[in-house]
Each structure stands twice: as structure tokens, then as C-alpha cells.
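In what follows, a structure is listed as C-alpha cells, so that the remarks can point back to it.
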Amino acid sequence: MIRYIIKRILGILPVLLGISIVVFFAVRLIPGDYATITLGTQYTEEAAALLREKYGLDQPLVYQYLLWLKGILTGDFGFSYISNQPVLSLLISRLPVTLELTVLSLLMAVLVGVPMGYWAACKRNKLPDSLVTVTGLLGISIPNFWLGTMMILLFSLKWKWFPSGGFTPLSDGLGANLRSMALPAVALGMAVSAVVMRSSRSAMIEVTDQEYMKMAKAKGLSGIPLITRHGVKNTLVNVLTILGLQAGSLLGGSVVIEQIFSLPGIGSLALQSINNRDYLVLQGTVLFIAVMFVLINLIVDLLYCIVNPQIRY
């Protein structure tokens, strides 16, 4: 196992290097730079040149990339052009909000998507199966930004059940914290729940068609005992794979939801850095999300050994 982990980590490094190259040069394709955006109507070539020289933006791009990469390898992500704060400190301060949003969305997907998917598989080609299929299609089709906006209008402005935005930390109470995160988690987790629902349904249908399941039925097992004893554990690998992929997608896909609900997370930080052309913050944010995505997939691979002892690396 240790050998496998080391091998995977070594395999991750070239991927992260490639991501850093793409991120660095891609953000430079955004029209305008920090000097142009900051000076605005007061833009002059002399003032812009002074700003670019101050932040090293007048250097060749390859040199800027190598300098940034050297800092990353030593744990120095640079400083924000806007706030002059260390990029790493900004990311760490914003991380709890995004992590909590991701965890709550995944929890919703597990508690809603997995049972409904299994239920639909047990009632295949019947009314429950049709209802779950239609619900899954709706969940995938509805954009999360539209769903979030409608939830604010209904549950916040009209009925006043939940706050329309902002984040309440856990230090102010668990109830207040969950109330502030309930609508964003549902808006972000709806599509994930639909994907997990459809995937768990397909996995369970595939398992129920196996010979050992037919043998168990012939011995008298049926319904929930059959599913829990022989079905669930043989579908967990597929469900874990989907959850791992969706967890990585949630980290990057929280940008819109965090902006709609005014959450101070990594997604909103990335959007602000794009608007301000704060290159170092944007590069650090994207690279940080990429690292989290890779680590989540590594953890999922390791969990395969737990849910299915037959797997050996």
C-alpha cells in the first residue's frame, strides 16, 4: 500500500506541473492586465509601466513562470496585488467555507441520491423507477445558479426561513451555521444528487442481474435484506468513484454559488481575482483546487481496498 501511495504521488507531480503551466499562461490571455484594470480612466503608459515594474509584470513570461514555480516549491505563493496579503494565507482563510459547502453537498448526494437510486433499481420499470428517473433528469438539467436564485426568492425573501446570503461560522452556533449554508448546499448539491442517483441505480441494476443475486433470490432472500446483504457492498466501488469525481467538481463549481449567496470561499476569491487581474491569487487558487482534486481521487482509490477487500494494489 505504501509503495502504491508513493507511486501515485510521484505520478501526480507531472500532472500538477502541467496544470501550473496551463494556469499561468491561460490567465495571461484574459484581456487587460493588473495595471490596466487598476488605473482605469487614469491610465497612462508611464503609470502602467511603473506598476508593471513594481510587480515584475514587465519581465518575460517564461521568467515570471519560473520565478513563480520556484516560490511554489518553497511554499511561497506570492502576495496579492490588491490586499498585499500572502496568497497562501488568503486560501487557508477561505478554505473552511468551501470545504463545508462541498461536504454538505456531498452529504446531500449520499443521503438522497444513493437510497433513491437503489429504490429505483429495486422497482425497475415501475412507477417509482420512472419518478426517480424524471427527478434525476430535472436535477441534472436545472442550472444551479437559477435554482439558487429561485430559492433565495422563495425561502429567504418571501417566507424568510433562511438568510439570503452571508456565512455564519460554527463559532456562532451550529444552528445558525447550518441555516446560512442550507440553501447554497442544496443549490450546489442538487445536480450531484441526480448524478449519484442515476449512477447508483445503474450499478444496482447491473448487480441484481448477476448469478449470485439470482441464487440468493432462489434461496428466499428478497427486498431490503437482499439489497443490503449482497447488493450494496458490490456497488460501493462505482458509487465511490462518482462521489470522488463530483467532490472535485464541487470544489471548482462553487464559484457561482458562492457569488450568489455571498459566501467568502475559494470560489468567490477566484472570481474576484479574475475581475482584478490579481494573477498570483488566481494562479494559486486554481492550483490549490487542482491539488485538492487529485488528493480526493487518491483517497477514493485507497478506499476501494476498504469497501472491496478483493482489490489489491
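The values are calculated or read from the model by the stated rules, or taken from the named source; none is laboratory data. All values derive from a computational prediction rather than experimental measurement. Positions of Cβ are backbone-derived with ideal geometry, glycine not excepted, and every protein chain shown enters the neighbour counts. Keep in mind that these areas ignore ligands, DNA and RNA; they rest on the heavy atoms of the full protein, side chains included. Shrake-Rupley method; radii C 1.70, N 1.55, O 1.52, S 1.80 Å.
Points to keep in mind about this one:
- Considering only residues in segment 149-172 that are of a type in the set (Phe, Trp, Tyr) and under 15 Å from VAL186 (Cβ atoms), the one that is farthest from the chain's Cα centre (by Cα) turns out to be TRP159.
- Screening ILE152 with (1) of a type outside the set (Gly, Ala, Ser); (2) farther than 24 Å from GLY113 by Cβ; (3) open to solvent by less than 70 Å² (accessible area, probe 1.4 Å); (4) at pLDDT 90 or above gives one miss only, at (2).
- Test: residue in segment 298-310 that is of a type in the set (Val, Ile, Thr), free of Cβ contacts under 8 Å to residues at least 60 places away in the same chain and surrounded by fewer than 20 Cβ atoms within 10 Å (Cβ to Cβ): yes
- Within segment 258-267, none of the residues are surrounded by fewer than 19 Cβ atoms within 10 Å (Cβ to Cβ) and among the aromatic types (Phe, Trp, Tyr).
- Matching residues, segment 4-53, being of a type outside the set (Asp, Glu) and open to solvent by 90 Å² or more (accessible area, probe 1.4 Å): ILE6, LYS7, LEU10, LEU13, VAL22, LEU29, PRO31, THR41, GLN42, LEU50
- Counted residues, segment 1-58 - those being over 17 Å from ASN276 (Cβ atoms), over 28 Å from the mean Cα position of the chain (by Cα) and hydroxyl-bearing (Ser, Thr, Tyr): 1
- Among the conditions (1) farther than 18 Å from LEU95 by Cβ; (2) surrounded by fewer than 22 Cβ atoms within 10 Å (Cβ to Cβ); (3) modelled with pLDDT of 80 or more, the only one that GLN272 does not satisfy is (1).
- Failed item, numbered, when ASN125 is tested on (1) surrounded by 12 or more Cβ atoms within 10 Å (Cβ to Cβ); (2) at pLDDT below 85; (3) out of contact with any helix residue (DSSP H, G or I) (no Cβ under 6 Å at 6 or more places or on another chain): (1)
- Residue in segment 54-66 that is most open to solvent (accessible area, probe 1.4 Å), counting only those that are part of a helix (DSSP H, G or I) and closer than 16 Å to VAL27 by Cα: TYR63
- Restricting segment 77-95 to residues that are under 24 Å from the mean Cα position of the chain (by Cα) and exposed (fewer than 15 other Cβ atoms within 10 Å of the Cβ), the residue that is nearest to PHE261 (Cα to Cα): SER93
- Within segment 109-138, the set of residues being under 19 Å from LEU250 (Cα atoms) and in contact with a Ser or Thr (Cβ under 6 Å, 6 or more places away or on another chain) comprises ALA109, VAL112, GLY113, VAL114.
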